[in-house]
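What follows is a set of notes on a single structure, which appears directly below.
The values are calculated or read from the model by the stated rules, or taken from the named source; none is laboratory data. Predicted model, so just to flag it, every value in this text is computed and none were measured. Note: ideal-geometry Cβ built from the backbone for every residue, glycine included; neighbour counts use all protein chains shown.
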Amino acid sequence: MTKIEKIRAVRGMNDVLPAEAHWWRRLEEAVAGAMAAYGYQQIRTPIVEPTGLFVRGIGEVTDIVEKEMYSFIDSLNGEALTLRPECTASVVRATIEHNLLYDGPKRLWYMGPMFRHERPQKGRYRQFHQVGAEALGFSGPDADCEIILLCQRLWNDLGLTGISLELNSLGQLPERIAHREALVAYFEKHVDELDADARRRMHSNPLRILDTKNPAMQALVEAAPKLADFLGEESRAHFESLQAMLRAQNVPFRINPRLVRGLDYYNLTVFEWVADGLTVCGGGRYDPLIEMLGGKPAPACGMALGVERVIDLMRAAGHVTADPACDVYVVHQGEAASLVALDLAERLRDRGLDVILHCGGGSFKSQFKRADASLATVALVVGEEEAAQSRVGVKWLRKPGAAQESVPLADIDEWLIDRMAGSIDDLQGDD
C-alpha cells in the first residue's frame, strides 16, 4: 500500500495549539482593555489588498516591497493583489474609502495576521501577528505621547519589564531632503565600504542605509551626517515637547539618532520599544500617508507591536497560567446515567458554567484522569446508583483530600453555583 505523505504547514506559518492559546487570550484581553482606556475603536480590514496600496504607501525602495511581499495576479480579473505585510496602509485606505474623518479625528486599533516572505527566526515568522493603534487627524506631540503611554500601560498590565523606549525625529520633507543630499555626498566618498544593498540605495533612498544590520558598516554609519543637525525650529519644538511630556509621566527613553524605521511614510516622531536587542513595538508620525494614498491631507501617528515577540516576553516573565478547559467535568457510566448526565450538563450551561460532558465511555478511573487534566474545579459523578436515587456525586478536583459529597439532583444547580464561587475565591486567596 502506498504511504500517504503528510501535509505540513508552510514554513514560517505556525499553528497556535490549545496549550499555547491562553497566552494569546491574555494578550488580546490586555490589548482590548488598554485600547478602551484611551478611547480607541477597533477596525478590521481585509488580509488581501491591492498591491499598489503597499507600493505607494510603504515605498518601492524598501525590503518589504522589493523582497518580502506575497503578491500575485488574480486569475479571474488580472488584478495585482498582495497579502498585507502591515496594516497602517490598510487602515488609512479604509479611512479614505469610507470618509471616516468627515466628523473629526479618529482613534482606531486593529489586531490580525500579516505576511512577509523573509527568513523565519525566533519571534519573526512569514505569517506573524500585529496589534496596532492609529491616531488619525491629530497633529500635535500630545497624540505621539498618548500612543507611547498606551504602550507603557500595556506593558504594565502584562507585568512586563526590561522593555526600553528609543526616540528620534525624522523632521519634515525639506529637512530630510537636505539631510539626504549630505548623506549621498558622504556615502559617495566611502562607496568602497558599502555593501551591495547600500550601493543600490545610495541615490534612491540613502536613509535606508542608516538602518543597515551589516556589522561591517556600523562605524561608517555612525560617522554619517545626523538628521538632528538639519531639523528646523518647528520640528525641534515638536520633538522637545514630546520629550517633556514623557518626562512629566516618568517614562524613561533614549534618543537614538540612527532610528529611522523601515517605511517611507514616517515624519517627525519615530520610536521603538526594544527588549533583549529585538524591536518589540515601533511606530511614529506619518502625516504624509493619507494624502499619498489619495485622501485629503491629514496628520496621523500610530504604532504596531509584534504579538509573537510580546508573547515570548510573557512566557519569560511567567505571569500567565493555563486556562481551565471548563468549570465542571461530568463523568458518568451506564445508559440511564448518560441521559441524566446529558440533561445535567445542559442545565449547568444554562446557568453560565462551562461544562465538559465525558464522551467515549471508559472506567470512572480513566474518566477522572480526563477530568483532572481539564483543570476543571469540580467533577460531577453520575453512575447507575446516582441515577436511580436522583442524586449527583461531587468531587472537588482542586482541594486535595476533600471528600466526595452527594447532592440531590434537583438541588445541584444552586448548590454548585454557590459553592463554585466560594471555591474560586479560596483558590485565588491561596495564590
- Quickly run through the range 359-416 and pick out the residues that are surrounded by fewer than 16 Cβ atoms within 10 Å (Cβ to Cβ), touching a strand residue (DSSP E or B) at 6+ places or on another chain (Cβ under 7 Å) and not hydrophobic (A, V, I, L, M, F, W, C). Ser390, Gln404, Glu405, Ser406, Pro408
- Task: Report, ordered by the first and then the second residue, all pairs with beta carbons closer than 7 Å, sequence separation of six or more or different chains, a first member in the range 297-309 that is free of Cβ contacts under 8 Å to residues at least 12 places away in the same chain, and a second member that is buried (at least 19 other Cβ atoms within 10 Å of the Cβ).
- Result: Pro297/Ile290
- Message: Go through (1) under 39 Å from the mean Cα position of the chain (by Cα); (2) over 26 Å from Trp23 (Cα atoms) for Tyr329 and report which single condition fails.
- Response: (2)
- Of the numbered conditions (1) out of contact with any Asp or Glu (no Cβ under 6 Å at 6 or more places or on another chain); (2) buried (at least 21 other Cβ atoms within 10 Å of the Cβ), Asp350 satisfies every one except a single condition; which is it? (2)
- Complete set of residues in the range 9-31 that are under 17 Å from Trp155 (Cβ atoms) and of a type in the set (Lys, Arg): Arg26
- Note on the structure: When every residue in the range 156-215 that is acidic (Asp, Glu) and either crowded, with 19+ Cβ neighbours inside 10 Å or in the same structural domain as Arg258 (by TED's automatic domain parsing) (or both) is compared, the one nearest to Leu231 (Cα to Cα) is Glu175
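Residue-by-condition table, conditions (1) within 29 Å of Ile290 (Cβ to Cβ); (2) in contact (Cβ under 8 Å) with a residue 60 or more places away in the chain; (3) not acidic (Asp, Glu):
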{"site": "Glu28", "(1), (2), (3)": "yes, yes, no"}
{"site": "Ala34", "(1), (2), (3)": "yes, yes, yes"}
{"site": "Gln42", "(1), (2), (3)": "yes, yes, yes"}
{"site": "Gly52", "(1), (2), (3)": "yes, no, yes"}
{"site": "Gly59", "(1), (2), (3)": "yes, yes, yes"}
{"site": "Ile64", "(1), (2), (3)": "yes, yes, yes"}
{"site": "Ile73", "(1), (2), (3)": "yes, no, yes"}
{"site": "Leu81", "(1), (2), (3)": "yes, no, yes"}
{"site": "Asp103", "(1), (2), (3)": "yes, no, no"}
- Identify, by number, the condition in (1) in the same structural domain as Asn267 (by TED's automatic domain parsing); (2) touching a Lys or Arg at 6+ places or on another chain (Cβ under 9 Å) that Gln42 doesn't meet. (2)
- Residues satisfying the stated conditions in the range 148-166, i.e. over 16 Å from the mean Cα position of the chain (by Cα) and modelled with pLDDT of 95 or more: Leu149, Ser164, Leu165, Glu166
- Note on the structure: Taking the range 18-75 and keeping only residues that are crowded, with 18+ Cβ neighbours inside 10 Å, closer than 30 Å to Ala198 by Cα and of a type in the set (Gly, Ala, Ser), one is left with Gly57, Gly59
- Query: Taking interchain pairs and intrachain pairs at least six residues apart, which have beta carbon atoms under 8 angstrom, with the first residue in the range 270-290 and free of Cβ contacts under 8 Å to residues at least 40 places away in the same chain and under 13 Å from Gly162 (Cβ atoms) and the second surrounded by 23 or more Cβ atoms within 10 Å (Cβ to Cβ) and of a type in the set (D, E, K, R)?
  - Reply: none
- Item | Failed item in (1) among the acidic types (Asp, Glu); (2) out of contact with any Gly (no Cβ under 7 Å at 6 or more places or on another chain); (3) within 24 Å of Leu227 (Cα to Cα), with Asp327 passing the rest | (3)
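Conditions (1) within 30 Å of Ile96 (Cβ to Cβ); (2) in contact with a His (Cβ under 8 Å, 6 or more places away or on another chain); (3) buried (at least 19 other Cβ atoms within 10 Å of the Cβ); (4) of a type outside the set (D, E, K, R), marked per residue:
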| position | (1), (2), (3), (4) |
| --- | --- |
| Glu233 | no, no, no, no |
| Asn250 | no, no, no, yes |
| Pro257 | no, no, no, yes |
| Phe271 | yes, no, yes, yes |
| Cys281 | yes, no, yes, yes |
